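First comes the structure, then the notes that go with it.
The values are calculated or read from the model by the stated rules, or taken from the named source; none is laboratory data. Just so we're clear, the structure is a prediction, and the values are computed from it rather than from any experiment. Glycine also receives a Cβ, built like all others from the backbone with ideal geometry; neighbour counts cover every protein chain displayed.
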Amino acid sequence: MNDLKELFRIAKLIAKERVGEITQEEKKEIENWVKQNPGNSSLYKQLKEDDDIYKSLNNLDGIDTKISFKNIWNKINQEENVNKRTIVLPKIVRYAAAVLLLIASSLTVYFVIQNNNNQKLITDIEPGTQRAILITADNQQIELGISGVKQLFRNKKLCITDTAQTLTYEIIDSPDEEVIELEYNQVLVPRGGEYSLVLADGSKVKLNAESHLRFPVSFDENIREVELEGEAYFEVQKSEDTPFIVHTKDIMIRVYGTSFNVSAYNNDNITHTTLIEGSVGVKLTSADGSGEVLLNPGEQANYNRQSSSIELREVNVELYTAWVNGLFVFENEPLEDILKKLSRWYDFEVDFSIEDLKYRAFTGDLKRYNEISTILNMISIASDLEFAIKERTVIVSEAK
Amino acid sequence: MKQAIDTHIIQKFRNADQKAFRIIFDTLYAIMLSFARRYLNDTGDAEDMVQEAFIGLWNEKQKFLDEDQLKSFLYLTIRNKCLNRIKHLRIKEEYIQRNIEEYNKDTFFKEEVIRAEFLAQLKSVIDNLPNQRRKIILMNMNGYKNKEIAEELNISINTVKLQKKIAYWQLRKDLSSSLPALILIAGFFS
């Protein structure tokens, strides 16, 4: 049996090489195996150069397992029936069990999501919507996201407009040399909300659920500074003379004109800064002059509160910016983290009936604008887990 | 969404859990079928051999501690069943030109296991990529040029290049897979 493990290893490495995900050491392993005999060498060449691989992969997808599984399960049952005597429950016990179930399920109003989809929907949780609150410099609170286009403020220099999903700050060019005072506004996005802004310099910001941005109504000539708590996707207008700085609790990000995503939730241990295009530098808020980490596109800087250090790595940026396009994308992510992110957008609490279930990992993409039951269904179907929704709590357990 | 065959699943399988067995079956059936077909060209025959092998897997469920052991059992069992079948066919119908000696060889078996696993691993790695990157990689592997990929997926050529560049950086890295990428302790020098 051990011989096969080596074969599995080689096959895996050749596959990794084919998608460009291989290290130098692993490459050497392949080379050593290729040298062993001409058969290996020729097989390697075939696998490396096969351009019909697309077809082979598609063929794999086309195979339906439903009927085949039914076949073998029937055969297995037939064999087992020959071996065992079936035990029949006396009638009274069977009916009693059915009645108990009925009483139990009518006591609390909830529904259970299992993979056989027999239950009817009683309650569900709706996804988030475009909503937020604007807090002005003089502490006025204005609700955003109510339908229509509203002009919230206008004077000679500044115009603030709210469409149903974007708050826009526009500087009006006037002949007056009058300088606009440096006033700060705040936009608060609650759990179950998301909102977009266009700042006075034309920079675009999209805020995710449970996030908070503090920013000047119009920008200073020398520096553009904003404060973020939570998660936001930025598209910053380039300006060589006026750097753009994002302050979060633990780190500050200096922007050289570009698109990037920042996730800095207070209840997370790690702050992620992901660069899509352009260039940014990240350093600790507490640091002075030195210690700035510069990112290249496709890289992510992670500040870990526990280690107080900034770590740089390459990532699939789509994982960290999918939310901007209405998707959740997970790659081998533990259920605990998945539900944490979902809970901000849907606004629910999570209850794991078994601690272990937190660490089940999943991969996939999901649309953000479906009800939570659709998403939980998909997870349930792909696993042996069961979800129940009670008021605004999602309960995770194992299917019996 | 896909769940991997982890220790939970294996444990439940050993305890005769049907759902766990189904997950194992769904994950491995297609690749085992393609492996069996390398021995038996007739699809009907190949399906039978593979299904018998899975029934055998179920009957011996107590034996398996990890996914590699499951796969090894399946490859070996399917090979044996296929060889028996070939012998059976050869005796029945003389005009079938099967050179059974070739199929008997250990090297043939090893090569076919690698071929099957390669495809399975490739599928797994690609399936785990985010949507857009997966499409780019598949098209690239299929010989499409950057420009064609960009047009087909309605994205900029820069995005295509960037995604490929990320893959290329991985290739060039001299770090072994156990070392994390650059760790900088900011503020240390201040």
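What to note about this one:
- Number of residues in the range A:180-199 that are assigned to a loop (DSSP other than H, G, I, E, B) and surrounded by 19 or more Cβ atoms within 10 Å (Cβ to Cβ): the value is 2.
- Candidate set from the range A:1-41 (those that are at the interface with another protein chain (Cβ under 9 Å from one of its Cβ atoms), assigned to a helix (DSSP H, G or I) and of a type in the set (S, T, N, Q)); member that is surrounded by the fewest Cβ atoms within 10 Å (Cβ to Cβ): A:Asn2
- The single condition from (1) under 24 Å from A:Val262 (Cβ atoms); (2) of a type outside the set (Lys, Arg); (3) out of contact with any strand residue (DSSP E or B) (no Cβ under 7 Å at 6 or more places or on another chain); (4) within 13 Å of chain B (Cβ to nearest Cβ) that A:Asp337 fails is (4).
- Extreme residue, surrounded by the fewest Cβ atoms within 10 Å (Cβ to Cβ), among residues of the range A:200-214 that are assigned to a loop (DSSP other than H, G, I, E, B) and of a type in the set (A, V, I, L, M, F, W, C): A:Ala200
- Checking every residue in the range A:56-66 against the condition of being among the β-branched types (Val, Ile, Thr), at pLDDT 85 or above and either closer than 19 Å to B:Asn140 by Cβ or in contact with a Ser or Thr (Cβ under 7 Å, 6 or more places away or on another chain) (or both) gives zero matches.
- A:Ile381 being surrounded by fewer than 16 Cβ atoms within 10 Å (Cβ to Cβ), at negative phi and either at the interface with another protein chain (Cβ under 10 Å from one of its Cβ atoms) or aliphatic (A, V, I, L, M) (or both): yes
- Residue satisfying all of: in the range A:272-298; of a type outside the set (A, V, I, L, M, F, W, C) and modelled with pLDDT of 90 or more; nearest to A:Arg191 (Cα to Cα) among these: A:His272
- Residues in the range A:215-258 that are in contact (Cβ under 8 Å) with a residue 40 or more places away in the chain and of a type in the set (Gly, Ala, Ser) were compared, and the one that is surrounded by the fewest Cβ atoms within 10 Å (Cβ to Cβ) is A:Ser218.
- Count of the range A:259-316 residues which are in contact with a Pro (Cβ under 8 Å, 6 or more places away or on another chain), within 11 Å of chain B (Cβ to nearest Cβ) and assigned to a loop (DSSP other than H, G, I, E, B): 1
- If you go through the range A:293-313 and keep only what is in contact (Cβ under 8 Å) with a residue 12 or more places away in the chain and crowded, with 18+ Cβ neighbours inside 10 Å, you end up with A:Val293, A:Leu295, A:Pro297, A:Gly298, A:Glu299, A:Gln300, A:Ala301, A:Asn302, A:Tyr303, A:Ile310, A:Leu312.
- Residue within the range A:51-58 that is β-branched (Val, Ile, Thr), within 9 Å of chain B (Cβ to nearest Cβ), surrounded by 15 or more Cβ atoms within 10 Å (Cβ to Cβ) and within 17 Å of B:Glu117 (Cα to Cα) present: yes
- Selection from the range B:101-136 of residues that are outside any helix (DSSP H, G or I) and in contact with a helix residue (DSSP H, G or I) (Cβ under 7 Å, 6 or more places away or on another chain): B:Leu129, B:Pro130
- Filter result (hydroxyl-bearing (Ser, Thr, Tyr) and under 23 Å from A:Asp268 (Cβ atoms)) within the range A:208-251: A:Ser211, A:Tyr233, A:Thr248
- The range A:317-330, subset surrounded by 20 or more Cβ atoms within 10 Å (Cβ to Cβ) and in a strand (DSSP E or B), residue farthest from the other protein chains (Cβ to nearest Cβ): A:Phe330
- Members of the range A:355-371 that are closer than 22 Å to A:Asn267 by Cα, in contact (Cβ under 8 Å) with a residue 24 or more places away in the chain and not in a strand (DSSP E or B): A:Leu357, A:Lys358, A:Tyr359, A:Arg360, A:Arg368
- Those residues of the range B:33-45 which are closer than 21 Å to B:Glu111 by Cβ, of a type in the set (Gly, Ala, Ser) and surrounded by fewer than 23 Cβ atoms within 10 Å (Cβ to Cβ), in sequence order: B:Ser34
- Annotation: A:Glu231 fulfils all but one of (1) closer than 18 Å to A:Leu294 by Cβ; (2) assigned to a strand (DSSP E or B); (3) of a type outside the set (Ser, Thr, Tyr); the unmet one is (1).
- Each residue in the range A:42-57 was checked for being assigned to a helix (DSSP H, G or I) and under 34 Å from the mean Cα position of the chain (by Cα), and 6 pass.
Let's see how each residue does on (1) surrounded by 19 or more Cβ atoms within 10 Å (Cβ to Cβ); (2) polar (S, T, N, Q); (3) more than 16 Å from the chain's Cα centre (by Cα); (4) more than 14 Å from chain B (Cβ to nearest Cβ):
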position: A:Phe352; (1), (2), (3), (4): no, no, yes, yes
position: A:Phe362; (1), (2), (3), (4): yes, no, no, no
position: A:Asp365; (1), (2), (3), (4): no, no, no, no
position: A:Tyr369; (1), (2), (3), (4): no, no, no, yes
position: A:Ile375; (1), (2), (3), (4): yes, no, no, no
position: A:Leu385; (1), (2), (3), (4): yes, no, yes, no
position: A:Ile389; (1), (2), (3), (4): yes, no, yes, yes
position: A:Thr393; (1), (2), (3), (4): no, yes, yes, yes
position: A:Ala399; (1), (2), (3), (4): no, no, yes, no
